[in-house]
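Please read the structure below before turning to the comments.
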Amino acid sequence: MSQEASEGEKKSGGCLKVLGVMLILGLVGTVVAGAVGTYIYLNWEDLDWPGMDELRAQIEAAEGGEGAAGADAGAVQRPVVTTTPKQGTSSNFAQWTRREDVLILVDYYADWCPPCKQLAPQLEALARNHGDKVVVVKVNIDEERDLAMKAGVQSIPDMRLLHGGKQLKQIIGYRPAAQLEQMVVKHAAILPPPGAAPEGGTAGDGTIQKMKGEWLPPGVTPLK
């Protein structure tokens, strides 16, 4: 009996050890998975793993949904602002970035930066295909250091999508044309109708708009 009891205790102890090991491995796996998931979440835009560009493009396309399609369809009648990237300088930067009739994609780059050179054709295609929704403004950080410092640029290529002077999105590093196009189409939903401009205010290019002749202050009636 004592021998049988001893063997039973050994088997029971062995099972407990196996369960203990499995529990420890499960806890370690949970911690590792959580750490990896947190890292991916915090560095989603900057990850350069194989297939990440395509995955990001697919997710942004899904997030755009019907709103993105509607923005693209509604933009057919929008006037084309430009089909080529513009060079941003300290003298014209504010004029471009405060526009509200189109989105502004600012590309901070340098001539010595290989990823910037790789990105250039994608931005040219974006300007050519979506010139009614976005203007690409390129800022050379070596020639326009004040603009780069004011924007807090630390790594290039650094792209900022703006509307009316407000930043909508920041992208660091190379991105395929499809992902850039999905981003522009998605955010184009906030653009005003073609030709819209505030009365008595400024249009997107900063020009003064003339008030309507029949306008009067509130509570004042015209003389008859």
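Quick note: the coordinates plus some simple rules give every number you see, no bench work behind them. Just so you know, these numbers come straight off a predicted model, no measurement behind them. FYI the Cβ positions are ideal-geometry reconstructions off the backbone, even for glycines, and counts take in every protein chain you see.
Values computed for the structure shown
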{"item": "Residue-by-residue Karplus 3J(HN,Hα) for segment 82-90, coefficients 6.51, -1.76, 1.60, Hz, glycine and proline x", "result": "6, 10, 9, x, 10, 8, x, 10, 4"}
{"item": "Stretch gain in nm, segment Val28-Ala120, where the contour uses 0.36 nm per residue and the Cα spacing is subtracted", "result": "28.7 nm"}
{"item": "Hz values of 3J(HN,Hα) by residue in segment 137-142 - Karplus curve (6.51, -1.76, 1.60), Gly and Pro given as x", "result": "10, 9, 10, 7, 5, 7"}
{"item": "Length added when fully stretched, Lys166-Ser90, from 0.36 nm per residue minus Cα-Cα", "result": "25.6 nm"}
{"item": "For Gly152, net neighbour charge (Lys/Arg +1, Asp/Glu -1) across residues whose Cβ lies under 13 Å away", "result": "+1"}
{"item": "Interchain or long-range residues, amide H under 5 Å from Val136's placed H", "result": "Lys86, Leu105"}
{"item": "Within segment 101-176, GluC sites (Glu not before Pro) in DSSP loop having at most 15 other beta-carbon neighbours inside 10 Å", "result": "Glu143"}
